[in-house]
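Only one structure is covered here, and it is reproduced in the block below.
The values are calculated or read from the model by the stated rules, or taken from the named source; none is laboratory data. Owing to the predicted nature of the structure, the values given are computational and were not obtained by experimental measurement. Because the Cβ atoms are built from the backbone with ideal geometry, glycine has one as well, and the counts that use them run over all protein chains shown.
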Amino acid sequence: MTCSCRKSIEQALVSARSRGRIIDAEQERRLESFRRNMVEGAHELIARHIYKAGVYFASLDHDLERRPSTNQVRMALEKRLTSMNAPLRKFVQENMHLVERQRESVDHDRLLRGILRHGSKAVGLLEGNGRREMEQAEKILVRLEKLEQYLASWRQGILGESRIEAVEISDIHS
């Protein structure tokens with residue numbers, strides 16, 4: 001036999017599961033949007049650090065050039081690709097267009113002006129600044145990988161309509 005209490009609870013459960021599916025979809029959409037925006041922002045930062053490193057290295061490779069060309073920057077980076085860690089090397093190979101696009105936002109004169117004034121010390125400063133920029137790019141890449149792991153666990157924590165259930169504790173009907 002089925003009493004009206006049980007039917008009422010089953011109807012409420014159907015309604016709760018329906019709301020749960022809607023909430024799940026919304027949370028999944030928001031989480032994916034957050035992930036996508038974080039990845040895009042991190043890629044921009046990584047590309048900017050790599051481009052700056054390329055400017056330093058290109059200036060170093062071309063007799064302290066004040067305004068290295070995009071091609072010179074690319075060649076300087078390719079020359080140093082073998083010394084980069086594997087994930088960073090992969091990033092540069094897959095996103096060279098993004099790295100080169102950073103030319104629009106990086107002012108070469110401003111970046112190199114203070115360093116090139118130091119004359120003979122400029123060589124060491126350029127090398128050191130280039131390495132520092134590469135290290136910064138690596139750190140951001142590592143943080144991005146950790147974020148991806150966190151987001152995967154957050155995705156598992158979404159409520160899930162399948163977790164909505166009714167459990168009968170006791171039946172007080174006679």
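Looking at (1) surrounded by 13 or more Cβ atoms within 10 Å (Cβ to Cβ); (2) under 25 Å from Arg67 (Cα atoms), can you tell me which one Ser105 breaks? (1) is the only condition that Ser105 fails.
Just to be sure before I move on: is Glu100 more than 17 Å from the chain's Cα centre (by Cα) and surrounded by 14 or more Cβ atoms within 10 Å (Cβ to Cβ) in the structure I sent? Lay out the reasoning, then the answer.
On the way: more than 17 Å from the chain's Cα centre (by Cα): yes; surrounded by 14 or more Cβ atoms within 10 Å (Cβ to Cβ): yes.
The answer is yes for Glu100.
Selection of the range 13-42 for residues being touching a residue at least 24 places away in the same chain (Cβ under 8 Å) and either under 29 Å from Arg101 (Cα atoms) or among the aliphatic types (A, V, I, L, M) (or both) yields Leu13, Ala16, Ile23, Leu31, Phe34, Arg35, Met38, Val39, Ala42.
Matching residues to (1) over 23 Å from Lys139 (Cα atoms); (2) surrounded by 13 or more Cβ atoms within 10 Å (Cβ to Cβ); (3) at pLDDT 85 or above:
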| residue | (1), (2), (3) |
| --- | --- |
| Cys3 | yes, no, no |
| Lys7 | yes, no, no |
| Val14 | yes, no, no |
| Gly20 | yes, yes, no |
| Arg35 | no, yes, yes |
| Val39 | no, yes, yes |
| Leu45 | no, yes, yes |
| Arg48 | no, yes, yes |
| Lys52 | no, yes, yes |
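In this structure, is Val123 modelled with pLDDT of 90 or more, in contact with a helix residue (DSSP H, G or I) (Cβ under 8 Å, 6 or more places away or on another chain) and more than 30 Å from Leu151 (Cβ to Cβ)? Break it down stepwise before answering.
Values: modelled with pLDDT of 90 or more: yes; in contact with a helix residue (DSSP H, G or I) (Cβ under 8 Å, 6 or more places away or on another chain): yes; more than 30 Å from Leu151 (Cβ to Cβ): yes.
So Val123 passes the test.
Conditions (1) over 24 Å from Leu144 (Cα atoms); (2) of a type in the set (Asp, Glu); (3) part of a helix (DSSP H, G or I), marked per residue:
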site: Glu10; (1), (2), (3): yes, yes, yes
site: Gln72; (1), (2), (3): yes, no, yes
site: Glu78; (1), (2), (3): no, yes, yes
site: Arg101; (1), (2), (3): no, no, yes
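Test Met84 against the stated conditions and say whether it is buried (at least 18 other Cβ atoms within 10 Å of the Cβ) and under 12 Å from Ala47 (Cα atoms).
Numbers: buried (at least 18 other Cβ atoms within 10 Å of the Cβ): yes; under 12 Å from Ala47 (Cα atoms): no.
It is false that Met84 is buried (at least 18 other Cβ atoms within 10 Å of the Cβ) and under 12 Å from Ala47 (Cα atoms).
Across the range 43-65, the number of residues qualifying as in contact (Cβ under 8 Å) with a residue 24 or more places away in the chain and out of contact with any Lys or Arg (no Cβ under 8 Å at 6 or more places or on another chain) comes to 12.
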